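First comes the structure, then the notes that go with it.
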Amino acid sequence: MEFSDPQVILFVADTERAASFYRVFGFRETFRAPQEAPVKIEMVLGGFTLGLALPQLMAESHGLAPVTAGHRACITLWTDDVDAAYRLSLNAGATDNRSPYAFQEDRFRIAFVEDPDGYPVQLVQKLG
């Protein structure tokens with residue numbers, strides 16, 4: 001048995017809005033269905049695939065009851081400038097959760113924002 005190509009799927013209220021937000025970090029769209037008013041969009045950054053799907057799709061197609069509120073997952077993005085990434089994310093529609101701060105005896109600089117659907121996004125910069 002072999003597994004490949006893992007993907008995290010976030011349940012979002014608006015796939016186009018969510019995709020626009022993640023594009024500012026360099027995510028590139030690789031799939032959408034259908035083309036107009038998509039119920040799912042897949043995006044890739046590096047070797048990581050992020051799926052953005054409407055929750056009713058999972059409920060109707062697969063009989064699941066997706067959780068759509070609260071901090072259900074956290075996307076971590078490494079960067080060489082956490083302060084600039086923090087400002088970029090706020091300008092792209094994120095909500096401030098915790099502004100940039102030093103962590104682990106100044107080994108890292110970290111900030112947290114929430115994407116337009118309330119998912120935490122952790123921005124991390126390795127210092128030194």
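The values are calculated or read from the model by the stated rules, or taken from the named source; none is laboratory data. The structure presented is a predicted model; accordingly, all values stated were derived computationally and were not measured. Reconstructed Cβ throughout: ideal geometry from the backbone, glycine too, with neighbour counts over all protein chains shown. These accessible areas exclude ligands, DNA and RNA; they are computed on the full protein's heavy atoms, side chains included. Shrake-Rupley method; radii C 1.70, N 1.55, O 1.52, S 1.80 Å.
Quick notes on this structure:
- Percent RCO, i.e. relative contact order, over the chain, from Cα pairs under 8 Å lying at least 6 residues apart: 22
- Value of Rg to Rh for the chain (Rh from inverse mean 1/r over Cα pairs, i.e. Kirkwood): 1.00
- In nm, spacing of pseudo-spin labels at Asp106 and Thr68 (7 Å Cα→C-beta vector): 4.7
- Residue of Thr68, Thr76, Thr15 that the Gaussian network model of the chain assigns the largest fluctuation, springs spanning Cα pairs under 10 Å: Thr76
- Per-atom-type breakdown for segment 42-110 gives carbon and sulfur 50% of the accessible area (1.4 Å probe, protein chains only).
- Unit charges at the beta carbon, dipole of the chain: most positive-side option, Ala85, Gly47, Phe108: Phe108
- For the chain: accessible area per residue (Å², 1.4 Å): 58
- Förster radius 30 Å - calculated FRET efficiency between Ala37 and Trp78, Cβ distance, rounded to 0.05: 0.35
- Rounded FRET efficiency, nearest 0.05, which uses the C-beta distance separating Glu16 from Ser61 and R0 of 22 Å: 0.65
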